[in-house]
Amino acid sequence: MPYQMTNIALGFSLQVFLLDVVQLDAFYASLVLFLGRAWDAVTDPLVGYLVSRSARTRIGKLLPWIVLSMPLGVLSYVMLWFTPQGSKSPVFSFFWHLSMSCLFEAFMSCYHVPYSSLNMFLGGDQRERDSATAYRMGAEVFAMLVGAVIQGQVVRVYNAEKDQACGQNNYLPQNTLPPPTDPLRETRRAFLISALVLGGLYFLCCLLLFLGVKEQMEPLSSLGPARISYLSALKMLLSHTPYLRLVLGFLLASLAFQTSLGNLVLFFTHNAELGSYFQYFILVLLMTATLSVPMWQMLLVRIGKKTTLFVGMMVYVPPLVLIPSVPNNLPVYMAMSVLSGSSLATLFLLPWSMLPDVVDDFKVKNPGCSDMEPMFFSCYVFCSKFGGGLSVGISTLALHFAGYEPGVCSPSPGMVITLRVLLGPVPLVMLLAGLVLFYLYPIDEARRQQIRRELEMLAKETTSSDTVRPPWASLQPSYQSPGSSLNRNHDSQLPLVACEGSRREDVRRRREEKEEKKEEKKKEEEEKEKEE
């Protein structure tokens with residue numbers, strides 16, 4: 001939940017904060033937004049690899065990362081919204097906000113990557129795992145709603161002070177110059193208070209997670225350190241076709257949503273001149289998304305994940321067409337917010353529900369590789385955050401070339417057209433490209449059932465192994481026998497997770513073992529015949 005609350009605050013307000021409050025040039029603001037998220041290109045996969053390499057502790061393998069990164073994440077988030085008053089230098093402001101953005105993204109990676117991977121370590125079969133994903137996505141959409149309510153109050157203060165400043169300067173030519181005094185003093189204060197409130201919720205969520213969640217052994221996993229190099233693991237992930245198509249489709253769909261939603265504040269303020277209604281639009285959108293998650297969950301059980309994803313994504317096409325086309329029509333905007341929220345729920349639920357199926361498919365095809373779940377989830381998290389940074393960076397850069405000026409009261413025609421393009425045609429093309437990749441995604445319901453059967457067969461073949469737990473051991477009733485604690489401590493010290501080879505090599509090795517057993521059995525029978 002902390003990631004969703006802070007992410008919606010960054011997505012809806014950081015662009016406005018840098019342009020109009022800090023008053024950075026649009027080019028430098030785009031650099032802060034893009035480089036801060038592009039930093040995740042390094043941190044997310046790297047954190048996933050480091051988590052997979054880390055050993056299990058008394059409180060688990062993933063929870064230590066979550067707990068220890070939380071204080072630093074809260075501090076860097078608050079500092080991101082703090083505007084130092086000692087220096088008016090644009091260079092200082094640029095490096096201050098860039099460094100705070102990079103630090104926050106790094107610490108959030110240390111929190112969110114292990115948190116996302118916990119879904120694979122809660123126990124249960126495929127259906128129970130999908131149900132847990134639905135509950136988690138519902139909670140995360142609700143967290144976005146909370147973040148939007150808090151940040152919406154900041155936007156309300158910003159619009160009020162902006163309207164007041166423009167009203168006091170109607171005598172100025174073209175209404176483009178800000179007043180000589182600081183017109184956004186209350187806005188600065190509101191941004192900082194909002195950051196402190198979200199930081200406090202960040203702490204509470206981490207505390208509840210630490211006290212309420214216990215890591216469990218996952219099928220074909222030991223929660224031990226993975227023994228594979230970073231480049232080798234990354235190469236294996238990128239060569240796995242279902243994962244690559246799902247990740248790229250998710251990236252394009254995420255880009256479509258974040259590009260359009262990220263420019264809504266400026267569109268409502270400058271194009272539609274309905275800035276005071278923006279928070280209501282977002283509230284309707286997120287309330288609809290929260291209520292739609294159970295509906296999409298029931299639908300995917302009936303018709304399958306892939307079909308449900310297509311239906312949900314197509315619902316977003318009418319808002320992309322109508323919102324930039326219909327001028328100053330609040331009822332149409334509110335109706336489109338309902339459709340946007342319903343479609344947004346599928347973006348939250350379906351790709352995250354499909355990712356565990358990809359992990360299972362990887363295990364079936366590479367039975368010698370295990371405990372790579374953090375790597376899968378880290379690259380997935382990276383796509384979400386990188387998509388947000390890329391969309392905001394591209395949008396801000398486009399506004400720079402369109403002649404955007406901070407504090408402007410009457411936008412130029414070029415800026416109006418640019419906002420319409422960023423809100424409609426650009427995300428529409430991205431969404432359609434993402435749907436093409438989802439169409440090529442090979443894991444349908446028939447393949448899911450086949451994967452389940454193959455995992456069961458693999459479980460039977462590995463029950464005699466001392467280094468790999470039976471895949472469905474986590475489904476059995478848990479109990480402790482005398483000495484179980486000693487056995488568990490002993491097992492945690494074994495090198496359980498070495499990536500021993502490809503599926504072909506494992507099949508060949510098992511075939512050779514079966515042939516050797518047949519030969520031994522034949523020799524025993526021949527010896528018995530000789531004795532008789």
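The values are calculated or read from the model by the stated rules, or taken from the named source; none is laboratory data. The structure displayed is predicted, hence computed values, not measured ones. Glycine also receives a Cβ, built like all others from the backbone with ideal geometry; neighbour counts cover every protein chain displayed.
Of all residues in region 189-206, those that are within 16 Å of Ala139 (Cα to Cα) and loosely packed, with under 14 Cβ neighbours inside 10 Å total 1.
Consider region 302-343 and keep the residues that are of a type in the set (Val, Ile, Thr) and touching a residue at least 40 places away in the same chain (Cβ under 8 Å). The one that is surrounded by the most Cβ atoms within 10 Å (Cβ to Cβ) is Ile323. Checked against the criteria, Phe94 counts as surrounded by fewer than 23 Cβ atoms within 10 Å (Cβ to Cβ), more than 19 Å from the chain's Cα centre (by Cα) and at pLDDT 75 or above.
When the test is whether a residue is surrounded by fewer than 19 Cβ atoms within 10 Å (Cβ to Cβ) and modelled with pLDDT of 75 or more, Leu252 does not pass it.
Restricting region 344-385 to residues that are of a type in the set (A, V, I, L, M) and farther than 30 Å from Pro427 by Cβ, the residue that is surrounded by the fewest Cβ atoms within 10 Å (Cβ to Cβ) is Val364. Quick check on region 424-443: of everything there that is in contact with a Pro (Cβ under 9 Å, 6 or more places away or on another chain) and over 21 Å from Asp361 (Cβ atoms), which residue is surrounded by the most Cβ atoms within 10 Å (Cβ to Cβ)? Here the answer is Gly424. Considering only residues in region 410-423 that are surrounded by fewer than 19 Cβ atoms within 10 Å (Cβ to Cβ) and not in a helix (DSSP H, G or I), the one that is modelled with the highest pLDDT turns out to be Ser412. Take the conditions buried (at least 21 other Cβ atoms within 10 Å of the Cβ), in contact (Cβ under 8 Å) with a residue 12 or more places away in the chain, of a type in the set (A, V, I, L, M) and touching a His at 6+ places or on another chain (Cβ under 8 Å) and apply them to Leu18. Does it pass? So Leu18 passes the test.
Between Leu184, Leu223, the distinction of being on the phi > 0 side of the Ramachandran plot and either among the aromatic types (Phe, Trp, Tyr) or at pLDDT below 75 (or both) belongs to Leu223 only. Ser464 meets each of the listed conditions (1) modelled with pLDDT of 50 or more; (2) out of contact with any Gly (no Cβ under 8 Å at 6 or more places or on another chain) apart from (1).
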